[in-house]
1. Excluding residues on the same chain fewer than 8 positions from LYS130, give the lysines whose Cα lies under 22 Å from its Cα.
2. Can you tell which of GLN67, THR12, LEU84 lies farthest toward the positive end of the dipole of the chain, using +1 and -1 charges on the Cβ of basic and acidic side chains (Lys, Arg; Asp, Glu)?
3. Per q in 0.18, 0.22, 0.32 Å⁻¹, report the Debye log10 I(q)/I(0) for the stretch 92-136, using one uniform scatterer on each alpha carbon and no solvent.
4. Rg over Rh of the stretch 31-148, using C-alpha atoms and the Kirkwood radius, what does it come to?
5. Run down the aspartates and glutamates and flag those whose C-alpha is under 15 Å from the C-alpha of LYS89, throwing out any fewer than 8 positions away in its chain.
6. I need the phi-derived Karplus couplings for the stretch 62-72: 6.51 cos²θ - 1.76 cosθ + 1.60, θ = phi - 60°, integer Hz, Gly and Pro marked x.
7. In the chain, if the dipole is taken from +1 on Lys/Arg beta carbons and -1 on Asp/Glu beta carbons about the Cα centre, which of GLN119, HIS25, PRO35 is farthest to the positive end?
8. Roughly how many debye, to the nearest 20, is the charge dipole of the stretch 31-148 about its Cα centre, given +1 on each Lys and Arg Cβ, -1 on each Asp and Glu Cβ, and no other charges?
Amino acid sequence: MSVPELRKYVLTHREDMEAIRALFHHPSLKYQEMPPLVTGDGMPIAENIRIAEEAIKKRVEIDREKQQQREKAQEDGLRQKLELEIEQKLRAKIELEVEQKLQENLEKEIEALISAIAQFLAATSGFSSKLAGSIALLAIQQGIEDFGDFDKRWN
């Protein structure tokens, strides 16, 4: 059982003394005992002080590396979240721009179509260009198919 699993078990089964002992005596949780820093009469032991300083420096370095890893993971998570938000906002903006351009193109095409139909009507029917334009607009709005095919309608 891993240490986190054992901790979780002990927290939910506080009466299980064997589990508590196993947690407190788990090999990965053993702390390094430091040799005494001074003799019985209070004299400093230089070699033991050096060993303690090295152990403390090593522990500080390990803690610093873990903190840097946590900060990097947090930074990566924030970067991904920010990139996703930017992508979503840009996608919406791009979709809106594309829709507007398509609408503009469609409007231009409709204007050109109405103009062509109006010119055709004015040339073939004798209607004034203003009346032909109105008829063409009506034809486009109503979606009349075969508008200029007079032979099919009256035959």
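1. Within reach: LYS108.
2. Farthest towards the positive end: THR12.
3. Listed by q, the Debye log ratios stand at -0.55, -0.66, -0.97.
4. Using only Cα positions, Rg/Rh for the stretch 31-148 is 1.83.
5. GLU97
6. 4, 4, 5, 5, 5, 5, 5, 5, 5, 5, 5
7. PRO35
8. 160 debye
Bear in mind these aren't lab numbers, they're just calculated from the coordinates by the rules spelled out. Since we're looking at a predicted model, the values are computed, not measured. In this analysis, Cβ positions are derived from the backbone assuming ideal geometry, glycine residues included, and neighbour counts consider all displayed protein chains.
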